[in-house]
Amino acid sequence: MVALIITVIILIILAGVSLNLALGQNGIFQKSKEAVDKYQNAAKEEKEQLDLAARDLMLDDYVQDGLMLHYDAVKNTKNGHDKNAIQWYDLSGNNNNGTLHEATWTEDGLYFDGINDWVGIGQMDYENITIEAVIKYNKIAEGETYIVGNCQAGGYGLVVWNTKNAIILNINNEYDAAYGSNSQSNVKYSISGKYNQKEIALFENGKKDSKEKIGKITKTTNNTIMALGTNPFKDTSDVSFLNGTIYSVRIYNRALTDDEVMQNYKIDKMLYGVEDINE
Ligand SMILES: [Ca+2]
């Protein structure tokens, strides 16, 4: 392209056009450069639109039956990514949008500082659930920090628990549940926890841990909301803050089958660059 512009300039000069007309602020060279920049910007925008359309197709491939909440940080608004967004838009169509409290967007995730960052959602009380997230935590704090949940006397949630140095699925605020086998800080994980009143299971990058557990999930008291990055109480929170990044979240009002969990995990690998655990 540059060679072409130079050739054009030489031809113009040979044709008797003044140097100023060719090279000045409003000269032909400047105009050509602007045209190239404009073309390159348009091509970049077009590529971004194509990337987003391909991403939409992949997001639609996640299991849809029972999907009550679906967040993707790259598409944190209805139309794409806004680094100043104060809401995390729910792609499931159920209007379970999240309200940010200080958490900050990266290009592909939402960063929580471990001090007072969290996201408030509406009430999401279900008796059977699947709760999935792609996350990375920076360090294990004392006690437990919450990835996503509404754990009180009842409720459910994905929790980083320092006693086991693991990500776990908490049901009815009981920590004696299903564990990730390999949880480490600064590693990106695709986590899927599910419960059907008979079996509790947690998949960490596709690797399953499960055990028998009988009984339904008790409804949270005080109209407690669902939240990201903390354990909420009523409609607010001030405890158990996550230090890490959340890239995506899905909540279902039923336990997915193992095959459905693996279908979602395959998409997580492609969209978020999660890798199988090698042992
Ligand atoms: Ca903060």
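Using Cα-only point scatterers and the Debye equation, what is log10 of I(q)/I(0) for the stretch 133-251 at each q in 0.09, 0.18, 0.19 Å⁻¹, rounded to two decimals?
Normalising to I(0) and taking log10 leaves -0.20, -0.86, -0.97.
What aspartates and glutamates does LYS139 reach when the alpha-carbon gap must be under 12 Å and sequence neighbours fewer than 8 apart in one chain are set aside?
Leaving aside aspartates and glutamates fewer than 8 places away in the same chain, those within reach of LYS139 are ASP113.
In degrees, nearest 10, range 0 to 90: what is the angle between the Cα axis of helix 2-14 and the longest Cα principal axis of the chain?
In the chain, helix 2-14 runs at an angle near 20 degrees to the longest axis.
At VAL239 and ILE86, where each label point lies 7 Å from the Cα along Cα→Cβ, what is the point-to-point distance in nanometres?
Computed distance between label sites VAL239 and ILE86 equals 2.9 nm.
Pulled fully out, how much extra length does the chain show between ILE277 and THR106, if you take 0.36 nm times their separation in residues and subtract their Cα-Cα distance? Before the final figure, lay out each step's value.
Details: separation 171, 0.36 × 171 = 61.56 nm, distance 2.53 nm.
Extra length from ILE277 to THR106 when fully extended: 59.0 nm.
Starting from the Cα-Cα distance between GLU48 and ASN79, subtract it from 0.36 nm times their residue separation and give me the gain in nm to one decimal. Present the calculation step by step, with values, prior to reporting the outcome.
Details: separation 31, 0.36 × 31 = 11.16 nm, distance 1.17 nm.
Difference between extended and current length: 10.0 nm.
Exceeding 29 Å between C-alpha atoms, which entries from my cross-link table qualify? They are LYS47/LYS266; LYS47/LYS194; LYS164/LYS194. Write down the numbers at each step before the final one.
Values: LYS47/LYS266 24 Å; LYS47/LYS194 37 Å; LYS164/LYS194 19 Å.
Table pairs above 29 Å Cα-Cα are LYS47/LYS194.
Helix 28-60 sits at what angle to the longest principal axis of the chain, using alpha carbons and giving 0 to 90 degrees rounded to 10?
20
Under 20 Å between alpha carbons, and skipping anything fewer than 8 positions from LYS198 in its own chain: which lysines qualify?
Result set, ordered by chain and number: LYS207, LYS208, LYS211, LYS213, LYS216, LYS219.
Which residue fluctuates most in the GNM of the chain (Cα springs below 10 Å): GLY120, GLY157, GLY143?
Looking only at GLY120, GLY157, GLY143, the biggest GNM fluctuation is shown by GLY143.
Using a Gaussian network model on the chain with a 10 Å cutoff between Cα atoms, which of GLN263, GLN49, GLN184 fluctuates the most?
Largest GNM mean-square fluctuation: GLN49.
With the Cα gyration tensor of the chain in hand, give its eigenvalues times 5 under a square root as the equivalent ellipsoid semi-axes, listed largest first in whole angstrom. All intermediate terms of the calculation are to be shown ahead of the outcome.
Numbers: eigenvalues 481, 71, 57 Å².
Semi-axis lengths for the chain are 49, 19, 17 Å.
DSSP loop (so not H, G, I, E, B), at most 12 other Cβ within 10 Å: list which GluC sites (Glu not before Pro) in the stretch 82-140 pass both filters. Don't skip to the end; give the middle numbers.
Numbers: sites: GLU102, GLU107, GLU127, GLU132; in loops: GLU107, GLU127.
When the GluC sites (Glu not before Pro) of the stretch 82-140 are filtered for loop state and at most 12 Cβ neighbours within 10 Å, GLU107 remain.
Could you check the spin-label model distance between LYS188 and MET58? Points 7 Å from the Cα along Cα→Cβ, value in nm.
According to this spin-label approximation, the distance is 0.9 nm.
How far is helix 258-272 tilted, in degrees, relative to the longest principal axis of the Cα atoms in the chain, given as a value from 0 to 90 rounded to the nearest 10?
Roughly 30 degrees, rounded to the nearest 10.
May I ask you to list the aspartates and glutamates whose Cα is less than 15 Å away from that of LYS234, ignoring any residue fewer than eight positions away on the same chain?
Reachable aspartates and glutamates: ASP125.
Please turn the phi angles of the stretch 91-98 into ³J(HN,Hα) values with the Karplus equation 6.51 cos²θ - 1.76 cosθ + 1.60 (θ = phi - 60°), one per residue in order, whole Hz, x for glycine and proline.
7, 6, x, 9, 6, 8, 6, x
Label points 7 Å out from Cα along the Cβ direction at GLU34 and ALA153: separation in nm?
Here the answer is 7.1 nm between the modelled labels.
Placing +1 at every Lys and Arg Cβ and -1 at every Asp and Glu Cβ, with all other atoms neutral, what dipole size does the stretch 131-279 have around its Cα centre, in debye to the nearest 20?
Values: 17 positive and 18 negative charges, 51 e Å.
The dipole magnitude comes to about 240 debye.
Test of understanding: in a Gaussian network model of the chain with alpha carbons linked when under 10 Å, which of ASP61, ASP268, ASP113 would top the mean-square fluctuation ranking?
ASP61
Nearest 20 debye, what's the magnitude of the dipole of the chain about its Cα centre given +1 on Lys and Arg Cβ and -1 on Asp and Glu Cβ? Walk me through the numbers on the way to the answer.
On the way: 26 positive and 38 negative charges, 77 e Å.
The dipole of the chain has a size of about 380 debye.
Read the figures in this text as sums done on the coordinates, not as results from a lab. Source: prediction; values computed, not measured. With ideal geometry, Cβ positions are generated from the backbone for all residues, glycine too; neighbour counts draw on all protein chains shown.
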